[in-house]
Each structure stands twice: as structure tokens, then as C-alpha cells.
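K.L.:
Handing you this structure, nothing more for now.
The values are calculated or read from the model by the stated rules, or taken from the named source; none is laboratory data. Not measured: the values here are computed from a predicted model. Heads up, the Cβs are rebuilt from the backbone with ideal geometry, glycines too, and the neighbour counts pull from every protein chain shown. For the accessible areas, the whole protein counts, side chains as well, though only heavy atoms, and no ligand, DNA or RNA atoms are used. Shrake-Rupley method; radii C 1.70, N 1.55, O 1.52, S 1.80 Å.
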Amino acid sequence: MERAVRAAEQALIEFEIAVETFRVEVENFSRLHHQKLGPMYTRLDELDALIAEAKAARTGDAEDLRRARDARSLVMPMPGVEELFHDWLGSDGISDDAAAMLTDRPVRPPERVRPSEEVRRLYRELVRQAHPDLAQEEDERERRDAFIARVNAAYGRGDEGLLRELAEEWAAGPVPETAGPGESEELYARLEWLAQRKELLSLVAKELEESAIGSMLRMAPDDPDRLLEEIAEQLLAQVSEREAELAAELAAQ
């Protein structure tokens, strides 16, 4: 029973590592998606509004006028827009980086989609060593909880230097006491808790995988940057089509 508990603990830790790794990938990919493609979506919305307004001005039809108002409302600033669009569009308009993406001006390189392999390796090692589920005493669990929170924060930023410092800190810290064999009831309770924890993590993983960004990321797990490039190419083609449509509509007036 004790071996079963230890095996379940290690399996849960590995599963938590996988879920947290994917969560960071989804978060970073979402940020990069908005940063790189957001201005193109904005341009498409603006062109749609201009086309609808040009058509409404030409026809004067009540339905065309309503469609023009609806199209324009999609590009009007909204409360909390900075948070919604991850800083590429604010109440004062498109950010400098976003505007640069629509011109020939250089743009600062966007953040990496995922932490480097070395960062991922350091993170996995630290979690395997310091995971709270390896603690038997409440004080030790709390110490590990606080430490892992710092590890997760460093991993989310891709901070290799800080992860190395945390590894040294953990190596120099107190060595957890080896827990002796528990009573069978405790072991059964431990197994039950581990199973419940695994079930909760499975729900989190499913939610991440089924999210819009998670689904996109799973389409190209080895080269998400290329996926963004392909989407950008499609959006640029749509922008060209809308611009041609607008030009034709204005010419017809």
C-alpha cells in the first residue's frame, strides 16, 4: 500500500507539471496571439465599418444604415479595453507596436511563445523535488507551497536565472524528514485524496485543451510561431479583399 501511495504521488506530480506547463504555453500563446494579430482584426473591423458606411451613404436604405451603425459599434472603444486586448489597443487608440505592425516601421520582437527548454527542465526538477504533496507534516507542506508558488511565478516569466537561484536555495534548505510507514487507514485516505486531486487536474487540463487558444496551440505544438504566421497571412489576404471592396464601393458613389 505504501508503494502504491508513493507511485500515485509521483504520477500526480508529473501530471501537475504537464498541466502547469500547458497552462503557461496557453497563456503566453494567447498574449502573443493578441499582440501580433490583434491590429489585423482591428483593421478588418474598421474596413467592414467603412464598407457598410459607404454602402449606406450610397443607398440611403434604412437596413443599410442600421448595418453601418452595427459595424461601427464593433470598433468603438469599450471600458477595460486595455485588459481585454492585452495592451495592443487602448482608449487612446492603437498602441505604438500595434500601429507599427500595420506600417513598415520596425516592431519590438514579441515574447516567446513558450519558455526555453532549459527553463522547462529547471522547472520540472524543482517541482519534483519540492512538491507539497511530498510533505507529511503541515508545516513542511506550507513551506513547500510557498516555495512552489515562487517557482511557478518564475516559470511563467521564463526567468532562467531566478529558477537557478531557487534551485540553489532549495538545495541549501532543510532536508525534509523521511516519513515512516503510516497506518493503513491513512494510506487509504491518502490514495483517495490523490485520486480526487487527479480528477480536479483533469478538469483543468480539459478546459485548457478545449479553450480557443488551447485548441489552436494543439494544432501546432512544435511550431506555434508558424501557426501565427499562417493566420497572419490569411488575415492580410482578408484585409486586401476588404480594401478592394471598399475602393469599389467608393467608386460607385
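K.L.:
Keeping to region 125-146, report how many residues are open to solvent by 10 Å² or more (accessible area, probe 1.4 Å) and within 11 Å of residue 167 (Cα to Cα).
P.N.:
Summing the residues that are open to solvent by 10 Å² or more (accessible area, probe 1.4 Å) and within 11 Å of residue 167 (Cα to Cα) in region 125-146 gives 2.
K.L.:
So is residue 60 of a type outside the set (Ser, Thr, Tyr), open to solvent by less than 70 Å² (accessible area, probe 1.4 Å) and either under 22 Å from the mean Cα position of the chain (by Cα) or at pLDDT below 85 (or both) or not?
P.N.:
no
K.L.:
Could you go through region 91-113 and let me know if any residue there is surrounded by 15 or more Cβ atoms within 10 Å (Cβ to Cβ), in contact with an Asp or Glu (Cβ under 8 Å, 6 or more places away or on another chain), more than 23 Å from residue 224 (Cα to Cα) and at pLDDT below 55.
P.N.:
Among the residues of region 91-113, at least one is surrounded by 15 or more Cβ atoms within 10 Å (Cβ to Cβ), in contact with an Asp or Glu (Cβ under 8 Å, 6 or more places away or on another chain), more than 23 Å from residue 224 (Cα to Cα) and at pLDDT below 55, which makes the answer yes.
K.L.:
Does residue 53 fit the bill of being open to solvent by 60 Å² or more (accessible area, probe 1.4 Å), acidic (Asp, Glu) and closer than 30 Å to residue 249 by Cα?
P.N.:
Yes, satisfied.
K.L.:
A further question follows. In region 184-196, which residue that is open to solvent by 80 Å² or more (accessible area, probe 1.4 Å) and not aromatic (Phe, Trp, Tyr) is farthest from residue 26 (Cα to Cα)?
P.N.:
185
K.L.:
Right, next: Please identify the pairs in which a residue from region 1-18 that is of a type in the set (Phe, Trp, Tyr) has its Cβ atom under 6 Å from the Cβ atom of a residue that is assigned to a helix (DSSP H, G or I), counting only partners at least 6 apart or on another chain.
P.N.:
These pairs meet every condition: 15/201.
K.L.:
So, of the residues in region 219-253 that are assigned to a loop (DSSP other than H, G, I, E, B) and of a type in the set (Gly, Ala, Ser), which turns out to be surrounded by the most Cβ atoms within 10 Å (Cβ to Cβ)?
P.N.:
220
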